[in-house]
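Enquirer: Sending over a structure as structure tokens; questions will come in a sec.
The values are calculated or read from the model by the stated rules, or taken from the named source; none is laboratory data. None of the values given here were measured: they were computed from a predicted structure. Neighbour counts run over all protein chains shown; Cβ positions are idealised from the backbone, glycine included. Note: areas computed on protein heavy atoms with side chains; ligands, DNA, RNA excluded. Shrake-Rupley method; radii C 1.70, N 1.55, O 1.52, S 1.80 Å.
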Amino acid sequence: MSSSIAELQALLAQPRQVVITTHHKPDADALGSSLAWAGYLQRKGHHVTVITPSDYPAFLNWMAGNDEVVVYERRQNDPQVRDLIQRAEAIFCLDFSALSRINELGDYIRQAPGTKVLIDHHQQPEDFADISFSNPCAAATAELIFEIIRDLGDQELITKGMGEALYAGIMTDTGSFRHPSTSRNVHLIIAELLKVGIDLSSVHRRIYDSHTEIRLRFLGYVLKDKLIVRREFNTAYIAITKDELKAYESKTGDTEGLVNYALSIEGIVFAAVFIDRGPAVKISFRSVGDFSVSDFSRTNFEGGGHHNAAGGISHAPLDATVERFLSLLPQYQEALVGAALVG
Ligand code: 5GP
Ligand code: MN
């Protein structure tokens with residue numbers, strides 16, 4: 001038994017007041033691992049609240065426990081939320097590695113007296129947790145949650161609802177089982193989840209085949225008019241203005257996955273999507289092969305993430321941000337052209 005598991009076991013040996021939180025704009029792994037962990041802890045007799053810093057896409061609303069999630073940005077002035085964090089005996093931080101990624105919630109958590117537990121698979125974790133399960137080799141936080149429940153000796157407590165939430169996290173973070181992170185371990189875990197009757201095609205449909213008509217038309221517009229390919233750098237990118245988001249009634253999650261289309265072009269090893277979110281430009285980076293977008297983002301755009309999938313931010317206007325991005329490419333040209341041979 002790892003020392004972290006033993007420490008976790010000691011922490012959970014009696015019923016606790018628990019808060020689980022995850023990153024800004026949670027994706028399926030962030031929300032799925034949080035809700036599955038909440039489901040498990042509730043079954044063990046703990047009092048659990050899941051708090052997300054912001055809202056999340058409607059195509060995640062089906063997950064078991066979704067209706068009890070507290071969305072912090074909707075209740076910013078509600079003292080009850082801060083109170084919950086202040087009173088929590090255990091605070092679980094899932095699928096993010098730095099408290100700065102969860103806005104001002106991060107400050108409340110830093111100051112809260114409860115035991116902080118990090119469960120995450122991003123690179124370069126910040127050292128803020130009392131107990132840490134950080135494994136950048138894991139495909140998803142949901143993979144770690146499954147292993148922790150199993151290592152605590154409680155695999156039989158995983159319900160179909162928890163299993164589907166975990167499956168959603170692993171499915172999306174592995175790009176539907178295609179990224180190199182899709183290990184034998186991942187497939188063995190899915191085999192275990194199938195034992196509790198998860199409906200994989202239904203999860204897939206609920207996540208990937210639930211476009212609104214306007215979202216699909218937005219995708220068509222972006223691919224036809226906004227995708228820019230720079231062959232000399234094996235790079236493709238897309239920049240979306242505030243007006244375009246408005247014209248297509250863009251909602252949380254509607255821009256998710258755009259970056260993968262840019263990366264799907266033959267020969268392209270580096271893709272970026274820039275979204276003008278008002279005060280700041282949010283950036284998604286993806287790569288195939290050796291080129292580390294996590295390093296690129298950390299060095300140039302205050303970001304980070306994984307080797308082949310990372311995000312960052314820019315406080316300059318959209319046009320200036322794209323200009324800066326383009327001006328950086330020549331210094332990476334060798335790596336980008338080399339990556340094409342490897343990737
Ligand atoms: P996405 O492009 O899907 O928003 O994010 C890709 C990956 O990078 C995710 O694992 C996400 O958690 C991480 N990420 C996204 N934005 C940031 C950021 O601003 N800072 C850091 N450190 N990681 C980020
Ligand atoms: Mn994840």
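Enquirer: Using only Cα atoms, find the angle between the long axis of helix 318-342 and the longest principal axis of the chain, and express it within 0 to 90 degrees, rounded to the nearest 10.
Expert: 90 degrees
Enquirer: Within the chain, how many Lys pairs sit with Cα atoms under 14 Å apart, leaving out pairs fewer than 8 places apart on the same chain?
Expert: Step by step, the pairs that qualify in the chain add up to 6.
Enquirer: Could you tell me how many degrees, from 0 to 90 and to the nearest 10, lie between the Cα long axis of helix 141-151 and the main elongation axis, the longest principal axis, of the Cα atoms of the chain?
Expert: Compared with the principal axis, the helix lies near 30 degrees.
Enquirer: So, one more: For the range 119-245, report the translational diffusion coefficient in µm²/s to the nearest whole number, using Stokes-Einstein at 25 °C, 0.890 mPa s, and a Kirkwood Rh over Cα pairs. Each step should come with its number before you reach the end.
Expert: Values: Rh = 17.4 Å.
Value of D from the Cα-based Kirkwood radius: 141 µm²/s.
Enquirer: What translational diffusion coefficient, to the nearest whole µm²/s, does the range 290-343 have by Stokes-Einstein, given a Kirkwood radius computed over alpha-carbon pairs, a temperature of 20 °C and 1.002 mPa s viscosity? Don't skip to the end; give the middle numbers.
Expert: Details: Rh = 11.7 Å.
D = 183 µm²/s.
Enquirer: Can you list the trypsin sites (Lys or Arg not before Pro) in the range 53-95 that are in a DSSP coil and have 13 or fewer other beta carbons within 10 angstrom?
Expert: Numbers: sites: R74, R75, R82, R87; in loops: R75.
Passing sites in the range 53-95 are R75.
Enquirer: Okay, moving on. Using a 1.4 Å probe and ignoring any ligands, DNA or RNA, find the accessible area of D130 and quote it in Å² to the nearest 10.
Expert: Roll a 1.4 Å probe over it and D130 shows about 90 Å².
Enquirer: Return one number: the angle in degrees, 0 to 90 and rounded to the nearest 10, between the long axis of the Cα atoms of helix 160-173 and the longest principal axis of the Cα atoms of the chain.
Expert: 30 degrees
Enquirer: Working out 0.36 nm times the residue gap between A191 and I5, then minus their Cα-Cα distance, what length gain in nm do you get to one decimal? Show your work: numbers first, answer last.
Expert: Values: separation 186, 0.36 × 186 = 66.96 nm, distance 2.33 nm.
Result: 64.6 nm gained on full extension.
Enquirer: Tally Lys/Arg at +1 and Asp/Glu at -1 over every other residue whose Cβ is under 9 Å from the Cβ of I170; what's the total? All intermediate terms of the calculation are to be shown ahead of the outcome.
Expert: Working: positive: none; negative: D29, E143, D173.
Around I170, the charge tally is -3.
Enquirer: Moving on. Counting DSSP beta bridges in the chain, what percent are antiparallel, to the nearest 5? Write out the running numbers ahead of the final one.
Expert: Details: 19 of 46 bridges.
Here the share of antiparallel DSSP bridges comes out near 40 percent.
Enquirer: Which whole-Hz ³J(HN,Hα) couplings does the range 214-228 yield from phi under the Karplus relation 6.51 cos²θ - 1.76 cosθ + 1.60, θ = phi - 60°, glycine and proline marked x?
Expert: Along the range 214-228, the couplings run 5, 5, 5, 5, 4, 4, x, 4, 4, 5, 7, 10, 10, 7, 10 Hz.
Enquirer: Please list the radius of gyration and Dmax for the chain, considering alpha-carbon atoms only, with Å as the unit.
Expert: Rg and Dmax of the chain, Cα atoms, are 20.0, 60 Å.
Enquirer: Once each part is reduced to its C-alpha centroid, what is the distance from the range 150-168 to the range 86-116 in angstrom?
Expert: 24 Å
Enquirer: Here's another thing I want to ask about it. Tell me the per residue accessible area of the range 149-226 using a 1.4 Å probe; a whole number in Å² is fine.
Expert: Numbers: 4070 Å² over 78 residues.
Here the residues of the range 149-226 average 52 Å² of exposed surface.
Enquirer: Quick one: which residues, 5 or more positions from K116 or on another chain, have an amide H under 5 Å from its amide H? H modelled 1.01 Å from N in the peptide plane, none for Pro or chain starts.
Expert: Residues meeting the criterion, in which the H sits 1.01 Å from N, are I91, D130, I131.
Enquirer: Just order 309-317, 290-298 by mean Cβ neighbour count inside 10 Å, highest at the front, would you?
Expert: 290-298, 309-317
Enquirer: Have a look at the DSSP beta bridges in the range 213-342 and tell me what percent are antiparallel, nearest 5. Provide the component values of the computation, followed by the final result.
Expert: Details: 19 of 25 bridges.
Looking only at bridges with both residues in the range 213-342, the antiparallel portion is about 75 percent.
Enquirer: Using only DSSP helix segments of four residues or longer, with each worth -39500 (n - 2.57), what per-residue ellipticity at 222 nm results for the chain after dividing by its residue count and rounding to 500? Show your work: numbers first, answer last.
Expert: Details: 13 runs with 143 residues, N = 343.
Result for the chain, helices only: -12500 deg cm²/dmol.
Enquirer: So what's the Cα pair-distance distribution over the range 21-126, bin width 10 Å, in %?
Expert: Result returned by the calculation: 15, 52, 31, 2.
Enquirer: Express in % the proportion of alpha carbon pairs of the range 234-311 at distances exceeding 16 Å.
Expert: Numbers: 1487 of 3003 pairs.
Above the 16 Å cut-off, the range 234-311 has 50 percent of its Cα pairs.
Enquirer: Next question, about the same structure. Mind checking the log10 I(q)/I(0) for the range 5-208 at q = 0.08, 0.14 Å⁻¹? Debye, one equal scatterer per Cα, no solvent, two decimals.
Expert: Log10 I(q)/I(0), no solvent term: -0.23, -0.75.
Enquirer: Relative contact order of the range 213-342: what whole-number percent is it, with Cα pairs under 8 angstrom and at least 6 residues apart?
Expert: On the way: 229 pairs, mean separation 28.4, N = 130.
Once normalised by length, the contact order is 22 percent.
Enquirer: Hey, another quick one. Please give the Cα centre distance for the range 190-261 versus the range 267-343, rounded to the nearest Å.
Expert: 18 Å
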